[in-house]
Every structure is written in C-alpha cells, then in structure tokens.
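Comments concern the structure below.
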Amino acid sequence: MTRNTDPVVKALEQSLADTYTLALKTQNYHWNVVGPNFFGLHNLFEEHYTDGYAAADELAERIRALGAAAPGGLRAFQEITKIADAKEGVDAKAMIDDLIDGHTAVVATLKSGVEVAENADDAATADMLTGRITAHDKAAWMLRSIRA
C-alpha cells in the first residue's frame, strides 16, 4: 500500500495502527489471563479491546473522510505500529504492566497527532484524537489501580 504524505493522514494512520494493535494485544490477554483475578481481568480486558476496535473504526473512517485510503490488515499495521505483540506465557501482572505501557505509548502517538492536526487547522481530527487520549488515560488508570 502506498503511504499518504499528508501529515494529518499519516498521524491518523499511526494512531489507527497503534490502536488496533493494542486492541489485538488486549484481546489476546483476555483469552489467556489466569489466576485469582481472572474474572475481573477477563471482563476488563474485553471492555478495553471492544473500545479499541470501535476507536479503530472511527480513526479509519476519519482517514476516509479526508480522502485517503485507510491501511488495513495485520501486515500493514505491523509496518506502522509502535506497539509490540502480546507477550507469550506471562502472568496477569506482566499482562497488566504491558497493557499500561501500551496505553501510554498510544497516548504519546495521539498527542503527536493532536499537534499535527492543530497545525493543519483540522479541529475535527484534533478533537477526535483528544477524546481517545482521555479513553487511554482512563484505561491505564484502571490497570494501574489493579496493580496497586
């Protein structure tokens, strides 16, 4: 796929790839979590990946609204994302720590995207990305609270 050179679209592509990859990682942990907090973590992870997939759809549709093709497929996302795959064979604490790191990384991507959108006078994209920052901050807070 040919990458778009528009800075706002590029920022949205990065946000989309990071969001989707984090959602996929979270879903993997949802499937594989074990231990005394299984039920609570299983449900929380489901809530988070469901939100992530919905956000990915919104981000892709914003890319389309700006006239570009949205990247799709695991290979395309893997080439763009800054989020690593889920770790295998780890315990619930390591999953939580990994997801906190993932949400923190996505927030950094989104903040960069907000700046790019604001510089391009694209208030709609800046607002969308700001809303996603709030969602990831909340998810990271919830995960940190479990760990405490």
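What the table below lists for this structure:
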{"item": "Residue 53 versus residue 6: modelled label distance in nm, points set 7 Å from Cα along the beta carbon direction", "result": "2.8 nm"}
{"item": "Zone residues, segment 56-92, relative to residue 124, backbone N less than 15 Å from point 7 Å out along Cα-to-Cβ", "result": "58-69"}
{"item": "Theoretical ellipticity at 222 nm over the chain - DSSP helices of four or more residues, -39500 (n - 2.57) apiece, nearest 500", "result": "-27000 deg cm²/dmol"}
{"item": "Residues residue 39 and residue 64, FRET efficiency given R0 of 35 Å [Cβ-Cβ distance, rounded to 0.05]", "result": "0.35"}
{"item": "Neighbour cut-off at most 11 other Cβ (10 Å), DSSP loop, GluC sites (Glu not before Pro), segment 45-91", "result": "88"}
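Where a number appears in this text, it was derived from the coordinates with a stated rule and is not lab data. This structure is a prediction, so every number in the text was calculated from the model and none was measured. Cβ atoms come from the backbone with ideal geometry, glycine included; neighbour counts cover every protein chain shown.
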